[in-house]
Each structure stands twice: as C-alpha cells, then as structure tokens.
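The values are calculated or read from the model by the stated rules, or taken from the named source; none is laboratory data. Everything numeric in this text was worked out from a predicted model, so none of it was measured. Ideal geometry is used to build each Cβ from the backbone, glycine not excepted, and the neighbour counts take in all protein chains shown.
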Amino acid sequence: MRFAQILRQKQRYFLRCAVGIAGVFLVAPAYPQAKTASSATAGTPWSQQLNKYPELLPEFGKLVEKLQHDIQYPAARSESRLLPLLPETTMCYAAISNYGDVAAQALKIFRQELQESAVLRDWWQHGGLAVAGPKLEESLEKIAQLQQYMGDEIVVSGSFEGSDPEMLMVAEVRKPGLKRFLQEMINEPGRESMQDLRVLDLQELASAKDEGKGQKLVVLVRPDYVVAAMDLATLRKFNGRLASHSQEFPATPFGRRVLKEYEGGVTLLAAADLQKILDQAPGQMRQDASFHRSGFADVKYLVWEHKGAGAQAVSQTELSFNSPRHGSAAWLAKPGLLTGMEFVSPKAMLAGTVRLANPVQIFEDVKEMYSSSTSSPLASLPAFEQMLKLSVKDDLLSTLGGEVTLELDSVTAAKPVWKGILSVRDVGHLQRTLNTLLAAGHIEPVKLEEGGETYTTVRIPSSTPPTEISYTFVDGNLIIASSRESVAEAVRLHKTGESLGESKTFLASLFPGHTLEASALLYHNPSAIMAMQLRQVVPEMGETLERAVKGVMPAVVSAYGEESAIREVSGGGAYDFGAVMVVAAVAIPNLLRSRMAANEASAVGNSRSVNVAQVTYAATYPRRGFAQDLAKLGSDSRGGNAESPEHASLLDESLANASCTGDAWCTKSGYRFRVTTVCKQLPCKEYMIVAIPMDSNTGTRSFCSTSDGVIRYKTGESLAPPGAAGECKAWPRLQ
C-alpha cells in the first residue's frame with residue numbers, strides 16, 4: 001500500500017503530462033467535436049434512434065466487421081532511432097507507433113459504408129449525429145494529416161530526479177510544414193482548449209520567455225525532430241543534447257534493458273526503472289522493515305510490450321527483481337502443470353487457476369505483516385482456534401497443495417453457477433477439519449453416494465435465501481460448487497477427459513509454444529460472456545452483436561514465477577477481448593436501458609389504448625358497462641370482423657387475444673397486461689388495467705390505470721401488481 005501511494009505521488013504529474021502530450025499529437029483535434037457530439041445526442045434516446053432506424057444495428061455489425069478485418073496496423077519496429085536521444089536520467093519510457101494511417105483507413109472504410117448503406121447514411125446525416133458527425137470526420141482527417149508530418153514512432157520519457165519531474169515527447173519530422181499545421185489547428189474556431197499550446201522553432205526557442213513549469217505545453221519543431229515538454233528549461237536542455245549528439249541513455253542498464261525489447265519487434269512498449277523510482281521515495285519508506293520483508297523493495301524493472309494485431313497480437317509483461325523473490329513477492333509458485341483445469345467446463349465464461357508456493361508460509365507472512373498493527377484482522381484468530389480446538393495453519397492450510405482454481409459459468413440466474421477446485425495434500429485430515437467446522441456451526445450436511453463418489457451438500461443459513469454448497473474429494477482435489485450437479489459435472493469432465501484444459505479450442509488459444517505448465521492462468525470466453533448479455537437483449541439486437549463477436553477466440557493470459565522475475569504472456573485473443581469487453585460494457589447496458597425505456601413507453605401507450613377501448617366498449621354496450629377482461633376488447637380468434645360483447649374488436653390481437661380471460665395475462669413488448677373488474681351485477685362501473693414488466697431486464701416500472709383514465713406507476717424491485725383499484729390510485733401519477 002505504501003509503495004503504491006509513493007508511486008501515485010510521483011507518477012501523477014507524469015501521467016498528466018503524458019496524456020497531455022499524446023493528446024496534442026494524436027487526440028487533441030477531436031476534443032471539441034466530441035463535446036459537440038455529446039450535446040447533440042443528449043436529448044435523443046437510443047430507443048428513439050432504434051425505432052426510427054430499425055436496420056441500424058445490423059449495419060453497425062457490418063461496419064465493425066470491416067474495421068476488424070480490413071485495417072492494416074503499423075508493422076513491428078526492430079529498432080528505435082529516438083531512444084538514443086533520451087537523457088540518462090530517464091526512469092520511465094513509452095513508445096507507440098504512429099496510428100495516423102490507421103485513422104485514415106478507418107475513415108475510408110466508414111465513408112465507403114456510408115455510400116453503400118442508405119440506412120447508415122440517413123442516420124449519420126439526419127439522426128443523432130447529424131450535427132457532430134461531420135466534425136468527427138474532420139477530426140479523423142486531422143489525425144491522418146498529422147501522421148504525414150511525423151515518423152513511425154513517438155517516444156515519451158520521464159524522469160523524477162530533482163524537485164520536479166521532467167517529461168519529454170519526441171518524434172521524427174517526416175516533411176516540412178508541421179509548425180504551420182499545428183498553428184493553423186490551434187487557431188481554428190472551437191479549439192479554445194489548445195490555446196495554451198506554444199509552438200516554437202529553433203529561432204523562437206532562443207528568445208522565448210520561460211513561463212515556468214506546467215503552465216503551457218511547449219512544442220519545438222526542428223527540421224529533424226518535434227519535441228514537447230512542460231517547460232522551456234527542459235526543452236532547451238534536450239535541444240542542447242541533440243546538438244551535441246550525445247547518446248547517454250543506451251549506455252545505462254535501464255536503456256540496455258529497453259533496447260533489448262526491440263530485438264523481437266514491438267508496436268507498443270512501456271517500461272519503468274522501479275528501483276530508481278523507489279530511490280526517490282521518502283527515506284521512511286525505504287527504511288520500512290515491513291516493506292523490505294514484502295520482497296517488493298527489490299523490484300528492478302517493469303516492462304510491457306505488444307506487437308501485432310488481431311489473432312497475431314502478442315503482449316508480454318515482466319516484473320524483475322534485483323535478487324531472488326522472497327516475502328509476498330514469492331507467493332506465486334514456479335511453473336508447474338495446472339491440474340485444476342481438468343475439472344473446468346468448456347462452457348465456462350471465466351476461469352482462473354494459480355499455484356501458490358506455500359499456503360502455510362503465506363499465512364505466516366500475513367501474520368507478520370500485521371504484527372505491529374493494532375487493528376489486525378487476525379486478532380481474534382487465537383480465541384477462534386481455541387474454541388474450535390483446531391489450528392488454521394496445521395488443520396487447514398497445511399492440508400492444501402497450493403493450486404486454486406475458480407470457474408464462473410453464469411451470473412444471470414438467481415443462483416450463480418460457479419466451481420472451485422483446491423489441490424489437497426491430506427484428504428483425511430481436511431475432511432475431519434471440515435466436519436469440525438460444520439458441527440461448530442450447527443450445520444447438518446446431507447450426503448449422497450453416486451457413481452462411486454460421495455457428494456456432501458450443506459445449507460448456509462446466514463444468507464437470505466439460505467445458500468447451498470456442495471463438495472466432494474476426487475484424486476487429491478476438493479471440488480466445491482454452487483450445486484451438487486455442478487460438482488458431479490466437474491467429476492465427469494475430469495474422468496472423461498472432456499474438460500476445458502483438454503479441449504482443442506482452449507489449447508489453440510494458448511500462446512504459441514506454451515502449455516498448461518505455468519504459475520497462473522486466466523481464461524476468458526468473450527462469446528459466452530456476450531451470449532449471457534445477449535439473452536437480455538431483444539432478438540434483433542442479439543443476432544447483430546453475436547455476429548460481431550463470432551470470430552473472437554477465447555483469451556488466455558499465462559503467468560510464470562521465475563527465480564528473479566514474474567512474467568505474463570497473452571496472445572491476440574486477450575488483446576481483442578479487452579476491446580470487445582470495453583465496447584460491450586458501454587454498449588450493452590445502454591442498449592438494455594434504451595430497450596427498457598422503449599418497453600415502458602410502449603406499456604404506457606398500450607394502457608392508454610385500453611382506457612380508450614373501455615370507454616368505447618361501455619358506450620357501445622351500456623348494459624355491460626366496462627369489459628371484464630382483455631379478451632372482450634379484442635377480436636374473435638375464429639376470424640371474421642364480427643363485433644360482439646364477447647369480442648368487440650377494439651384492440652389489436654397482439655395486446656388483447658381470446659386467451660386473456662379471467663386472471664390470464666397478455667404479453668407485448670416485454671410487459672404483461674391484464675384487465676380486471678369488480679361488479680356483482682351488470683353493468684360494470686369500475687375496472688383496472690395493469691401492466692408489469694416480464695422481468696427486471698424488460699422494465700423497471702409497473703403501470704396501472706382505472707376508470708378515471710389516469711396512468712400511474714410504481715418503481716422498485718417488487719413487480720407485483722396492485723390488488724385493487726384503490727391500491728392503484730395510491731401509486732404516483734405519471735407526469
């Protein structure tokens with residue numbers, strides 16, 4: 001925690017500068033347009049857009065597919081002409097490819113789709129982005145134009161020596177005219193956010209007045225390089241280094257480590273000299289005994305690199321140490337066969353497994369971590385152990401093998417479906433410990449023998465409703481799950497070899513050359529996660545989004561605990577998965593809310609239609625009064641246009657059909673409808689129409705109305721209808 005706080009203090013300025021610099025050269029042109037787009041669409045709900053353009057989502061699907069398959073990303077770089085220019089004090093390094101050409105390709109594909117799709121073109125020109133759309137296109141144009149002036153790589157360097165951090169951004173200049181381009185962009189109407197940007201050439205740099213650090217981003221445009229910094233002093237110092245042709249950074253250990261990453265080719269690269277950063281931390285932290293015991297006082301470098309795109313993408317991370325790992329830095333065990341994956345279902349949405357070096361030692365490390373704390377969470381543990389007459393370390397943790405596997409199959413049901421697999425060293429001892437814990441909690445287990453295995457189910461009464469958990473022991477593993485059926489399924493998969501760990505899809509998603517020999521592994525199935533979400537979306541939207549993720553391979557992230565480093569490797573699926581889930585996290589909830597808003601609006605409209613139909617019915621059949629159910633307001637299911645008191649043909653069959661008699665419900669647009677009356681004799685003088693959502697995914701409000709014609713609503717978790725007209729009239733009026 002203290003280490004993280006120090007890093008945040010030192011890196012806050014670094015991050016602010018880096019974002020500002022990147023924004024100027026890659027993102028800044030889009031800022032005012034993005035603001036305009038937000039204001040332009042603020043009053044236009046997605047439900048209205050989808051109702052007006054019902055074919056819009058399929059067209060979006062086609063566009064996404066083309067963007068995924070047709071864009072050519074920058075090639076990997078095997079060397080850097082910019083790295084040798086950096087100062088030897090560099091502690092943080094970041095290098096990205098010039099993505100201006102990607103913006104140009106995306107714009108070209110989008111414009112082609114506008115030409116070919118009348119629906120997309122009409123929405124773009126007359127729909128929610130009619131005002132902001134052209135400005136967004138202009139922003140992409142600016143990014144593409146800026147790319148033409150700059151080289152293939154953009155590098156950001158950070159140093160924390162001294163009282164203030166020093167930040168630099170540098171890129172090669174590809175052709176003349178960059179200074180004029182930036183100045184014209186600053187002076188364009190609507191770009192007030194860029195007014196603090198100062199653009200200088202070499203002559204202006206010599207005479208420029210220093211306004212202090214952090215006041216304005218200063219950009220120096222030379223014939224060969226463009227350099228940005230947060231103050232003139234840093235800019236002038238770096239300009240002098242360029243003039244002297246000094247190459248200090250590549251000679252430092254950190255510089256050599258960063259250069260090594262280029263040997264295999266990179267497209268994105270970030271690195272930090274953590275040891276130097278820690279040296280800048282307050283002395284109290286550097287001398288803190290608990291921090292040294294954690295093992296993280298020995299951190300050396302953090303390096304992340306990414307190359308390729310799509311299925312060929314590869315990301316690797318390395319956290320290195322100056323000495324062999326110890327303390328909490330050594331909790332991750334060395335690589336070994338992850339046997340827990342043999343119990344995981346191929347249908348899993350998310351699964352993860354980790355090999356812990358020694359559960360008992362981890363427990364001792366945690367106790368020592370809180371030894372000087374007055375509010376230790378383990379303070380009551382001795383009394384707990386004495387009461388139960390058992391030892392957490394000797395009777396529980398010492399019986400475990402160290403591998404822990406978790407699986408998540410579903411979170412949409414009232415009862416989530418999950419599994420846990422723990423490797424066990426001493427099954428008999430652990431069974432006795434579990435029996436002691438159950439007896440102490442006055443929990444009576446239910447045992448079932450099936451297929452040669454003993455399944456134990458326990459009910460945890462402390463939750464509402466009570467939670468049931470089942471478990472069994474198989475081949476040195478404790479299988480625990482949300483139901484006995486899930487435990488039995490895990491056992492079956494293990495015995496038949498049909499588990500996720502042995503499936504072709506899973507093995508194909510592993511990074512080339514890697515197997516289940518690892519220290520930890522995280523598996524994502526974006527298709528399954530998306531399918532879970534799509535079940536909450538109307539079919540026409542679900543089909544489109546399913547096509548968008550159809551080609552997304554499962555993603556696997558593997559971690560390896562080495563003697564003096566922790567490494568992480570992930571393939572293209574993991575990289576694509578992040579993008580898909582970001583889109584899904586934003587798009588799907590908004591689409592659901594839009595659909596719910598449309599459902600609720602439809603329910604209100606249908607309720608008003610019933611009110612009008614009831615008034616008409618009572619006027620047409622005065623001896624009857626109001627209709628006693630929806631069936632009497634609908635048409636005769638036998639066909640024909642005949643109207644009668646039993647089937648008045650006042651409502652469409654989609655809302656009122658012959659089956660909606662008595663207490664039966666009619667369903668339409670995610671809502672259930674019912675009409676009831678209370679009349680001991682005809683004519684009926686009072687009725688109540690009720691509309692409640694089919695579930696929490698189709699609406700959040702229930703509606704009702706009586707013979708007074710007023711629509712009322714109720715919001716909350718309870719979707720129960722009002723029991724009588726008087727209860728309905730107590731609900732708030734719909735404004």
(request) Identify, by number, the condition in (1) surrounded by 12 or more Cβ atoms within 10 Å (Cβ to Cβ); (2) of a type outside the set (Gly, Ala, Ser); (3) touching a strand residue (DSSP E or B) at 6+ places or on another chain (Cβ under 7 Å) that Leu493 doesn't meet. (result) (3)
(request) For residues that are hydroxyl-bearing (Ser, Thr, Tyr) and surrounded by 21 or more Cβ atoms within 10 Å (Cβ to Cβ), tally how many sit in the range 212-236. (result) 1
(request) Return yes or no: is Ala379 more than 39 Å from the chain's Cα centre (by Cα) and among the hydrophobic types (A, V, I, L, M, F, W, C)? (result) no
(message) I need a count of the residues in the range 259-280 that are of a type outside the set (D, E, K, R) and assigned to a helix (DSSP H, G or I).
(response) 7
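The rows are residues; the columns are (1) outside the structural domain of Pro253 (by TED's automatic domain parsing); (2) crowded, with 19+ Cβ neighbours inside 10 Å; (3) not aliphatic (A, V, I, L, M).
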position: Met91; (1), (2), (3): no, yes, no
position: Ala104; (1), (2), (3): no, no, no
position: Ala118; (1), (2), (3): no, no, no
position: Trp124; (1), (2), (3): no, yes, yes
position: Ser139; (1), (2), (3): no, yes, yes
position: Ile143; (1), (2), (3): no, yes, no
position: Gln147; (1), (2), (3): no, yes, yes
position: Ser159; (1), (2), (3): no, yes, yes
(message) Being touching a Phe, Trp or Tyr at 6+ places or on another chain (Cβ under 9 Å) and part of a helix (DSSP H, G or I) is the filter here; which residues of the range 317-338 pass it?
(response) Gly327, Ser328, Ala329
(request) Scan the range 476-490 residue by residue and report those that are in contact with an Asp or Glu (Cβ under 9 Å, 6 or more places away or on another chain) and either part of a helix (DSSP H, G or I) or surrounded by fewer than 20 Cβ atoms within 10 Å (Cβ to Cβ) (or both). (result) Ser483, Arg484, Ser486, Val487, Ala488, Ala490
(message) Are there helices (runs of 4 or more DSSP H) fully within the range 58-162 with at least 3 residues that are more than 30 Å from the chain's Cα centre (by Cα) and modelled with pLDDT under 85? List them.
(response) 118-126
(request) Please give the number of the condition Tyr617 fails out of (1) assigned to a loop (DSSP other than H, G, I, E, B); (2) more than 23 Å from Ala601 (Cα to Cα). (result) (1)
(request) Could you list, in sequence order, all residues of the range 616-638 that are of a type in the set (A, V, I, L, M, F, W, C) and surrounded by fewer than 17 Cβ atoms within 10 Å (Cβ to Cβ)? (result) Ala619
(request) Answer yes or no: is there a residue in the range 495-517 that is charged (D, E, K, R), at pLDDT below 90, over 17 Å from Thr339 (Cβ atoms) and in a loop (DSSP other than H, G, I, E, B). (result) no
(message) Which pairs turn up if I take residues in the range 364-385 that are within 15 Å of Ser290 (Cβ to Cβ) and part of a loop (DSSP other than H, G, I, E, B) and look for partners that are at pLDDT below 85 and among the hydrophobic types (A, V, I, L, M, F, W, C) with beta carbon separation below 8 Å, at least 6 apart in sequence or on another chain?
(response) Tyr370/Leu378
(request) Only residues that are in contact (Cβ under 8 Å) with a residue 60 or more places away in the chain and either outside the structural domain of Leu85 (by TED's automatic domain parsing) or more than 17 Å from Ser159 (Cβ to Cβ) (or both): list them for the range 220-235, please. (result) Tyr225, Val226
(request) Take the range 435-457 and flag every residue that is within 25 Å of Leu397 (Cβ to Cβ) and either touching a Gly at 6+ places or on another chain (Cβ under 9 Å) or outside any strand (DSSP E or B) (or both). (result) Asn435, Thr436, Leu437, Leu438, Ala439, Ala440, Gly441, His442, Ile443, Pro445
(message) Just to verify a result, which residue in the range 237-289, among those that are surrounded by 15 or more Cβ atoms within 10 Å (Cβ to Cβ) and of a type in the set (S, T, N, Q), is modelled with the highest pLDDT?
(response) Thr252
(message) Here is a check on your reading of the model: is Lys347 over 22 Å from Val266 (Cβ atoms) and of a type outside the set (A, V, I, L, M, F, W, C)?
(response) yes
(message) Among the numbered criteria (1) at pLDDT 90 or above; (2) more than 30 Å from Lys307 (Cβ to Cβ); (3) in a strand (DSSP E or B), which one does Glu468 miss?
(response) (1)
(message) Residue under question is Cys684, and the condition is that it be touching a Leu at 6+ places or on another chain (Cβ under 6 Å), crowded, with 17+ Cβ neighbours inside 10 Å, assigned by TED's automatic domain parsing to the domain that holds Tyr621 and more than 14 Å from Val604 (Cα to Cα); does it hold?
(response) no
(message) Within the range 407-442, take every residue that is among the β-branched types (Val, Ile, Thr) and within 13 Å of Ser470 (Cα to Cα) and give me the one that is modelled with the lowest pLDDT.
(response) Val417
(message) Against the definition (surrounded by fewer than 20 Cβ atoms within 10 Å (Cβ to Cβ) and modelled with pLDDT of 85 or more), how does Glu364 come out, yes or no?
(response) yes
(message) Against the definition (loosely packed, with under 12 Cβ neighbours inside 10 Å, assigned by TED's automatic domain parsing to the domain that holds Val487 and not polar (S, T, N, Q)), how does Gly451 come out, yes or no?
(response) yes
(request) For Met341, work out the one condition from (1) touching a Leu at 6+ places or on another chain (Cβ under 9 Å); (2) in a helix (DSSP H, G or I); (3) farther than 15 Å from Gly501 by Cβ it doesn't fulfil. (result) (3)
(message) Quick check on Glu403: is it closer than 20 Å to His494 by Cβ, out of contact with any Phe, Trp or Tyr (no Cβ under 8 Å at 6 or more places or on another chain) and either among the acidic types (Asp, Glu) or surrounded by fewer than 18 Cβ atoms within 10 Å (Cβ to Cβ) (or both)?
(response) yes
(message) Conditions first: (1) touching a helix residue (DSSP H, G or I) at 6+ places or on another chain (Cβ under 7 Å); (2) surrounded by 14 or more Cβ atoms within 10 Å (Cβ to Cβ); (3) farther than 30 Å from Pro335 by Cβ; (4) not aromatic (Phe, Trp, Tyr). Ala440 passes all but one, so which condition is the exception?
(response) (2)
(message) Take Gly452 and tell me if it is in contact with a helix residue (DSSP H, G or I) (Cβ under 8 Å, 6 or more places away or on another chain), over 19 Å from Ser410 (Cα atoms) and among the small types (Gly, Ala, Ser).
(response) no
